Amino acid sequence: MRHLLDTRTLAKDNALLILDTAVDMAATQQREVKKLPTLRGKTVVNLFYEDSTRTRISFEAAAKRLSADVINFSAKGSSVSKGESLKDTAQTLQAIGADGVVIRHPASGAPERLARSGWIDAGVLNAGDGTHEHPTQALLDAFTMRRRLFTNADGSDASRGRDLDGISVVIVGDLAHSRVARSNLWLLTALGANVTFVAPETLQPYGARDWPVTVRHDLDEAIAKDQPDVVMMLRIQSERMHAAYFPNEREYSRHWGLGDARLGALPERTLVMHPGPMNRGLEISSAAADSPRSTVLEQVANGVSVRMASLYLLLSGERASERSSND
Ligand code: NCD
């Protein structure tokens, strides 16, 4: 693996390799000294053209725990706001010797452009591009599901090597604008899970009917018929909405929110997930977000392990020789 750009083209073996490596990384995070020497001498640049809290600090923590040098670059306050092109920025990163570039960009396809351009030798990790993909989020979600679902009788982790065959995952909310939903769909499908999308028609992604997913409009019906092992709630992404997609917030919450009554109607085993940031009271109630079945904070913690695994697998070893032999 040279880059991590999407889950649509990520082979199942590579996905399992990342997830299993993340199990090892998580074990190191229980130690008093969390830092490993693995990426000493490597430079990772966080290139964020869009706001982010969780993903940016998660990648930063992951790179630092592997002893890489980290440079944080946000588009605000940089030459990007003076109109510098992605190419010029990339060439600057090449000149300072970046080994890895973690990029978040409002344009779908920007990470792939960077990876395929030949402007840089660095490994590129997509940290969210437009409405396209957010592969490390899907990987940390799958990691979280495996960890909760597969434990030994003594409570220890039994997730290594396991896929998600036959698991039912219902993803609810602003699917149209969600790179998280898309990355989850491709990864979960590759791992054998059955995925349902629930949203009003206006918030279903264009083209979803051609994808390996059950499309529904009614959340109560999905809970009753799909008997989900996981319900994943998505944020209403007002910043990407330039029209009215539903009548008002109360209506949305009543029909598609995970409120207290619906929480009670979920099967006992069902996990509640949300990638964050949450709109409490809109797509998810506080009771649901803070309940023992909620994995919201575990997702954040697991994100560091999954990103450590991704950075390690992409950046350790000799990139230059790999480049001449692989592409
Ligand atoms: C998501 C994103 O940015 O795509 N958040 C995240 O990475 N934790 C989802 C969102 O913004 O709603």
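Find, to one decimal place in angstroms, the Kirkwood hydrodynamic radius of segment 135-297, where the mean of 1/r is taken over every pair of different Cα atoms and then inverted. Intermediate results must be reported in sequence, preceding the final value.
Working: mean 1/r = 0.0629 Å⁻¹.
Hydrodynamic radius (Kirkwood, Cα pairs) of segment 135-297 is 15.9 Å.
When the distances between all Cα atoms of the chain are binned every 10 Å from zero, what whole-number percent does each bin get?
Once binned at 10 Å, the Cα pair distances of the chain give 6, 27, 34, 23, 10, 1.
Ranked from highest to lowest mean number of other Cβ atoms within 10 Å per residue, what is the order of the peptides 143-150, 239-246, 51-58? Spell out each step's value before the answer.
Numbers: 143-150: 21.1, 239-246: 11.6, 51-58: 17.5.
Result, highest mean first: 143-150, 51-58, 239-246.
Could you identify which residue out of 292, 135, 205 has the top mean-square fluctuation in a GNM of the chain using Cα springs shorter than 10 Å?
Top of the fluctuation ranking is 292.
Can you give me the long-range amide H partners of residue 71? Hydrogens built in the peptide plane at 1.01 Å from N, cutoff under 5 Å, separation of 5 or more residues or another chain.
44, 45, 46
With a Förster radius of 25 Å, plug the Cβ-Cβ distance of residue 202 and residue 290 into 1/(1 + (r/R0)^6) and report the FRET value to the nearest 0.05.
Details: r = 30 Å, r/R0 = 1.18.
The pair residue 202/residue 290 has a calculated efficiency of 0.25.
Work out, step by step, the length gained on full extension between residue 30 and residue 117: first 0.36 nm times the residue separation, then minus their alpha carbon distance; give nm to one decimal. It would help to have the intermediate numbers written out before the result.
Values: separation 87, 0.36 × 87 = 31.32 nm, distance 3.94 nm.
Net length gain for the segment: 27.4 nm.
Applying 1/(1 + (r/R0)^6) with R0 = 25 Å to the Cβ-Cβ distance of residue 215 and residue 298, what FRET efficiency is obtained, to the nearest 0.05?
On the way: r = 28 Å, r/R0 = 1.14.
Calculated transfer efficiency: 0.30.
At 222 nm, what value in deg cm²/dmol follows for the chain if DSSP H runs of at least 4 each add -39500 (n - 2.57) and the sum is divided by all its residues, to the nearest 500?
About -11500 deg cm²/dmol.
Compare the peptides 169-182, 1-14 by average per-residue count of other Cβ atoms within 10 angstrom and give them in order, highest first.
In descending order of packing, they fall as 169-182, 1-14.
Treating only the Cβ atoms of Lys and Arg (+1) and Asp and Glu (-1) as charged, compute the dipole magnitude of the chain about its Cα centre; round to the nearest 20 debye. The partial results should precede the final answer.
Working: 39 positive and 40 negative charges, 132 e Å.
Charge dipole of the chain: 640 debye, to the nearest 20.
Rule-based calculations on the coordinates, nothing more; no lab input. A quick note: this is a predicted structure, and the numbers were derived from the prediction, not measured. So basically every Cβ, Gly included, is an ideal-geometry build from the backbone, and we count neighbours across all protein chains shown.
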